[in-house]
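Report on the structure given below.
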Amino acid sequence: MMKQVLRQRLQQKLTPQQILLMKLIQLPAQELEMRLKKELEENPVLDDPGISDETSEEVENERDEKEEELDATEAELLKTDDDDYPGPPSSYEQHDPFFSLVETHTLKEDLHEQISMKLRNLEELAIADYLIGSLDDAGYLRRDTGSIVDDLAFLQGIDTNDQKVEEVLAMLQELEPAGVGARNLQECLVLQARRKNGHDLVSQNALYVLENLFEDFTHRRYEKIVEKTGVSESDLKLVIDHIQDLNPKPGESSSATGESSIAVIPDFNLLVTGDELSISLTNSSLPELKINKSYVEMLENFERKKEKSQRETIKFIKEKVDSARYFIEALKQREETLLKTMETIVVLQRDFFLTGDDKLIKPMILKDIAESIEMDVSTVSRVVNSKYIQTPYGIFSLKKFFSESFTKDSGEEVSTIEVKQLLKSIIEKEDSTEPLNDEELSKLLSDKGYTVARRTVAKYREQLGFAVARMRRKL
């Protein structure tokens, strides 16, 4: 027997404005500049922020002259696809103090250009853009396909599946530099070996070893490789040399122009005056975006007349005006959120920012900041991700200031950063012909008052980028 049951269920659903804000918050300085430029090109209602007060009168005169042209071209405007609309003339590049720096091609910009020449489907392009944005500094995609599918649905409104994401990823992995978009070291090297694979026996054997005997190779079980492949020891040496010529971190390689592929532009500036610390955003000098008054007046005029024939025109202009307002408001909220978060980080890490001494970095996690500024941890995470601060002691990633706490044998609570620095120092000074294993490293740390379990030492060692003892051995 079937019966109807009425149930109430609360669901949290983000508005388009909230989604826009989250997207802008996670953008670092250089990507924000590009996003601003893109918005100006796509939305004619937004005024060019590069226009100064000195030229505003001239611009107003030009707009007066073009009012008749606007009326005459409304019908055409409605037939034009939004993406094709050129928008108002822009002097953005000439007036933006950071634009020349942003124009330096980064790896992600190069990938965006390459993939746009391979794909024409808008959904596939959106997926590719998200994948490129998810690559780490080494060029790896560290996230599983399922999480990416969920994020695309949640943040981009794109309903896709694992198979489609895998297909787009495969196209991404065909781009330069070879190996980019790999999900692990083996896949990275295999992608490069396949691209480099010739008809000679050495390159073919190298590809076979990477695809089928990778574990033996990484553990230097060369005798087993000789046994399984039948190659001689001299040929195996050539295979090893061939593999070692591959790049385990393609994202850190040089760009096509021979320049560094990633030009870091700090998002924050720290000014230290005696005991006073002050924070500012690097893009805070940019003029505020404004809405073109001509379009607002046009909209008010059409709405006043209430002519049915102008219904589509009103709808078009209203959408553009609303979009411009949402974007301007989101930029303001982004600035407030970033400053609020950074100011709290500076307060909690005051000793470091006054001196630049890494040993003074205190244990701090995302939750500490989130609770202090009464925001969600995910919001703080977006602020911290890929952001940098310029200080008198250099440029630092915000991630540098986050670490768990560690209690020394003396009872003093310090940051795990201190433990890692000591571990790094020990490894760098070890005898390379007889490198220390994790158990020995654990004992040496303990002798210095830092009791760390062998498993924890292994985790810190990997985070520092050091291989296991047998892989650090040199002849």
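The values are calculated or read from the model by the stated rules, or taken from the named source; none is laboratory data. Just so we're clear, the structure is a prediction, and the values are computed from it rather than from any experiment. Using ideal geometry, Cβ is built from the backbone for each residue, glycine included, and neighbour counts are taken over all protein chains shown. Accessible surface is based on the protein model in full, side chains and every heavy atom, while ligands, DNA and RNA are left aside. Shrake-Rupley method; radii C 1.70, N 1.55, O 1.52, S 1.80 Å.
Per-residue answers, yes or no, for (1) in a loop (DSSP other than H, G, I, E, B); (2) among the polar types (S, T, N, Q); (3) crowded, with 20+ Cβ neighbours inside 10 Å; (4) within 25 Å of the chain's Cα centre (by Cα):
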| residue | (1), (2), (3), (4) |
| --- | --- |
| K315 | no, no, no, no |
| D322 | no, no, no, no |
| I328 | no, no, no, yes |
| L339 | no, no, no, yes |
| M342 | no, no, yes, yes |
| I345 | no, no, yes, yes |
| L354 | no, no, no, no |
| K359 | no, no, no, no |
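State which residue pairs qualify: first residue under 15 Å from E336 (Cβ atoms) and in contact (Cβ under 8 Å) with a residue 40 or more places away in the chain and inside region 373-398, second residue open to solvent by 40 Å² or more (accessible area, probe 1.4 Å) and not β-branched (V, I, T) in any location, beta carbons under 8 Å apart, and separation of 6 or more residues or different chains. Pairs found: R382/Q26; V383/Q26. Pairing residues of region 102-125 that are over 11 Å from M171 (Cβ atoms) and at pLDDT 85 or above with residues that are loosely packed, with under 14 Cβ neighbours inside 10 Å and of a type in the set (G, A, S), at Cβ distances under 8 Å and at least 6 apart in sequence or on separate chains, gives D110/A256.
Within region 176-191, the set of residues being over 12 Å from G139 (Cα atoms) and open to solvent by less than 20 Å² (accessible area, probe 1.4 Å) comprises L189, V190.
If only residues of region 361-408 that are assigned to a strand (DSSP E or B) and open to solvent by less than 30 Å² (accessible area, probe 1.4 Å) are counted, the one that is farthest from L155 (Cα to Cα) is F406. Consider region 436-462 and keep the residues that are farther than 14 Å from S425 by Cα and among the polar types (S, T, N, Q). The one that is most open to solvent (accessible area, probe 1.4 Å) is T451.
Considered as a group, the residues in region 217-247 that are in contact (Cβ under 8 Å) with a residue 40 or more places away in the chain and of a type in the set (S, T, N, Q) include one that is most open to solvent (accessible area, probe 1.4 Å), and that residue is N247.
Residue by residue, here is whether (1) within 26 Å of P16 (Cα to Cα); (2) in a loop (DSSP other than H, G, I, E, B) holds:
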{"site": "L131", "(1), (2)": "yes, no"}
{"site": "R142", "(1), (2)": "no, yes"}
{"site": "I148", "(1), (2)": "yes, no"}
{"site": "D151", "(1), (2)": "yes, no"}
{"site": "T160", "(1), (2)": "yes, yes"}
{"site": "E166", "(1), (2)": "no, no"}
{"site": "M171", "(1), (2)": "no, no"}
{"site": "P177", "(1), (2)": "no, yes"}
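The residue that is most open to solvent (accessible area, probe 1.4 Å), counting only those in region 147-175 that are at pLDDT 90 or above and farther than 11 Å from I127 by Cβ, is Q163.
For D136, the conditions (1) over 17 Å from I19 (Cβ atoms); (2) free of Cβ contacts under 8 Å to residues at least 40 places away in the same chain are fulfilled apart from (2). Residues in region 117-129 that are in a helix (DSSP H, G or I) and either hydrophobic (A, V, I, L, M, F, W, C) or closer than 22 Å to P28 by Cα (or both): M117, L122, L125, A126, I127, A128, D129. Comparison of K23, K13 shows that the only residue that is open to solvent by 60 Å² or more (accessible area, probe 1.4 Å) and at pLDDT 85 or above is K23.
Scan region 410-433 for residues that are farther than 16 Å from T451 by Cα, part of a loop (DSSP other than H, G, I, E, B) and open to solvent by 40 Å² or more (accessible area, probe 1.4 Å) and the total you get is 4.
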